[in-house]
1. Going down the table (LYS45/LYS75; LYS76/LYS118; LYS45/LYS69; LYS75/LYS126; LYS52/LYS101; LYS75/LYS101), which pairs top 19 Å between alpha carbons?
2. Rank ALA19, PRO78, ALA131 by how far each Cα sits towards the positive end of the charge dipole of the chain (+1 on Lys, Arg Cβ; -1 on Asp, Glu Cβ) and give me just the farthest.
3. Given contacts defined as C-alpha pairs under 8 Å and at least six residues apart, what's the relative contact order of the range 1-60, whole-number percent?
4. What list of ³J(HN,Hα) values in whole Hz, one per residue of the range 115-132 in order, does the Karplus curve 6.51 cos²θ - 1.76 cosθ + 1.60 (θ = phi - 60°) give from phi, with Gly and Pro shown as x?
5. Of (i) -0.36; (ii) -0.41; (iii) -0.45, which one was derived for log10 I(q)/I(0) by the Debye sum over Cα atoms at q = 0.10 Å⁻¹ from the structure shown?
6. Report the relative contact order of the chain, percent, no decimals, based on alpha-carbon pairs under 8 angstrom and at least 6 residues apart.
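Here, each number is a calculation from the coordinates, and none is a lab measurement. The structure presented is a predicted model; accordingly, all values stated were derived computationally and were not measured. All Cβ positions, even for glycine, are placed from backbone atoms using ideal geometry, and neighbour counts span all protein chains on display.
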Amino acid sequence: MTYADRQQLNKALEHYQLALNYGQPYPQIYHNMGNTYVALNELDKAEANYKKALELEPQFFHTYPFLIKLYLTEKKYPEALQVADQALAFYPEMPDYQMLKLQVLAASGDTQNFESYKQVLLTLYKTNSTAQRMINSLQLTQE
């Protein structure tokens, strides 16, 4: 990342902070701040902002995939699974969240739960060949 890129991202953070100082704390602002901190590779701050967005609005569906992927990047599998389950509690039919949960189980190496959930999804999407291919393409990670 160039110095100019970093400056622009920091300027964006200043604007988000101004918006918070002079307005209501909207979850979208915290979500955007989380994305900006990810771009700056300040992952602890990104996590805090994503969590704040969900604290303000637990059904703010935009933030769930970002927080799950952040936890996957950091190999925080229990946290990723907890957030995936929280997302699915609000949106049980959302395929993206179902696949993210399967990815978390695969990355964590949790063989029993991975295979069990994989079978649930294969049954759920038995007539969708694209979904079947996506589900079957995931493999357990052995760390």
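1. Numbers: LYS45/LYS75 17 Å; LYS76/LYS118 21 Å; LYS45/LYS69 15 Å; LYS75/LYS126 31 Å; LYS52/LYS101 21 Å; LYS75/LYS101 14 Å.
Pairs exceeding the cut-off: LYS76/LYS118; LYS75/LYS126; LYS52/LYS101.
2. ALA131
3. On the way: 46 pairs, mean separation 18.9, N = 60.
31 percent.
4. 5, 5, 5, 4, 5, 4, 5, 4, 5, 4, 10, 4, 9, 10, 5, 5, 5, 4
5. (ii)
6. Details: 136 pairs, mean separation 20.3, N = 143.
Reported as a whole number, the value is 14 percent.
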